[in-house]
Amino acid sequence: MDHEQDPNLPFGASRLLSLPEALTKHNFYIITGGPGAGKTTILENLASKGYRHIPETARQIIKDRLSKGLSPRPDPLTFASEIFRKDFSNYDLNIDYTAILFFDRSYLDSAWQIFNSDKDQYHQLRDTHFKHRYNKKVFITPPWKEIYQTDSERDQSFEDSIKVYQGLHQWYEKHSYELLVIPKDSIENRVGFILSQIFTASPTSGTFR
């Protein structure tokens with residue numbers, strides 16, 4: 001598969017736009033939400049059960065910058081654009097993968113960040129996530145103050161986490177995804193909730209909804 005990018009389109013968007021119309025990867029499941037709400041723990045537990053996942057891009061970028069003595073983040077648009085490129089690549093490079101694959105955030109998250117930073121830039125890439133989609137069920141972790149912690153790669157406040165959660169919830173709904181709020185519960189029950197939703201079969205087709 002050719003992975004050449006058109007330099008005239010931003011963030012590598014031309015690659016997805018060159019794919020077949022209305023491509024939906026029903027085996028790609030997003031777990032999103034505000035920072036510090038338990039996504040990483042959930043994904044680690046899913047991995048222990050044999051499910052593959054793609055780690056969060058932003059945390060790796062921050063980690064790499066800190067290792068070079070840089071500030072955690074560049075300016076918001078540059079940061080969002082770098083996340084989008086990597087998130088897009090994660091979708092593209094796994095496009096032939098047919099087993100269940102979880103994503104710790106997706107390029108819809110970073111597209112939302114670009115939208116909030118520069119709407120003109122956003123409108124150059126908006127067709128990517130309207131035409132090329134993940135499973136319609138998107139899992140979202142609600143803000144949970146009792147487990148919220150900061151670390152070297154997470155410096156947002158709990159109030160920031162609430163704002164991110166609210167913004168992403170509205171953003172995914174706007175893009176016709178079905179938001180499923182992961183309950184504040186034990187890790188086993190949280191993972192059980194996700195798997196029960198995935199393995200709820202359509203009564204007519206017998207396929208995952």
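The values are calculated or read from the model by the stated rules, or taken from the named source; none is laboratory data. Just so you know, these numbers come straight off a predicted model, no measurement behind them. Because the Cβ atoms are built from the backbone with ideal geometry, glycine has one as well, and the counts that use them run over all protein chains shown.
Per-structure values
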quantity	calculated
Qualifying residue in the range 92-110 (condition: crowded, with 20+ Cβ neighbours inside 10 Å and modelled with pLDDT under 90)	no
Test: TRP144 is within 25 Å of ASP92 (Cα to Cα), of a type outside the set (S, T, N, Q), at pLDDT 90 or above and surrounded by 15 or more Cβ atoms within 10 Å (Cβ to Cβ)	no
Subset tally (residues that are crowded, with 20+ Cβ neighbours inside 10 Å, under 25 Å from HIS26 (Cα atoms) and of a type outside the set (Val, Ile, Thr)) for the range 69-85	1
Residues satisfying the stated conditions in the range 160-190, i.e. in contact with a helix residue (DSSP H, G or I) (Cβ under 7 Å, 6 or more places away or on another chain), surrounded by fewer than 16 Cβ atoms within 10 Å (Cβ to Cβ) and among the β-branched types (Val, Ile, Thr)	ILE187
The range 22-60, subset aromatic (Phe, Trp, Tyr) and assigned to a strand (DSSP E or B), residue farthest from the chain's Cα centre (by Cα)	PHE28
Test result for PHE11, modelled with pLDDT of 85 or more, surrounded by 17 or more Cβ atoms within 10 Å (Cβ to Cβ) and not in a loop (DSSP other than H, G, I, E, B)	no
Set ILE114, ILE140: member being farther than 20 Å from TYR29 by Cα and either among the small types (Gly, Ala, Ser) or outside any loop (DSSP other than H, G, I, E, B) (or both)	ILE114
Residues within the range 61-84 that are in a helix (DSSP H, G or I), in contact (Cβ under 8 Å) with a residue 60 or more places away in the chain and in contact with a helix residue (DSSP H, G or I) (Cβ under 8 Å, 6 or more places away or on another chain), tallied	2
SER161 within 19 Å of the chain's Cα centre (by Cα), under 24 Å from LEU66 (Cα atoms) and at pLDDT 80 or above	yes
One residue from SER89, SER106 being of a type outside the set (D, E, K, R) and out of contact with any strand residue (DSSP E or B) (no Cβ under 9 Å at 6 or more places or on another chain)	SER89
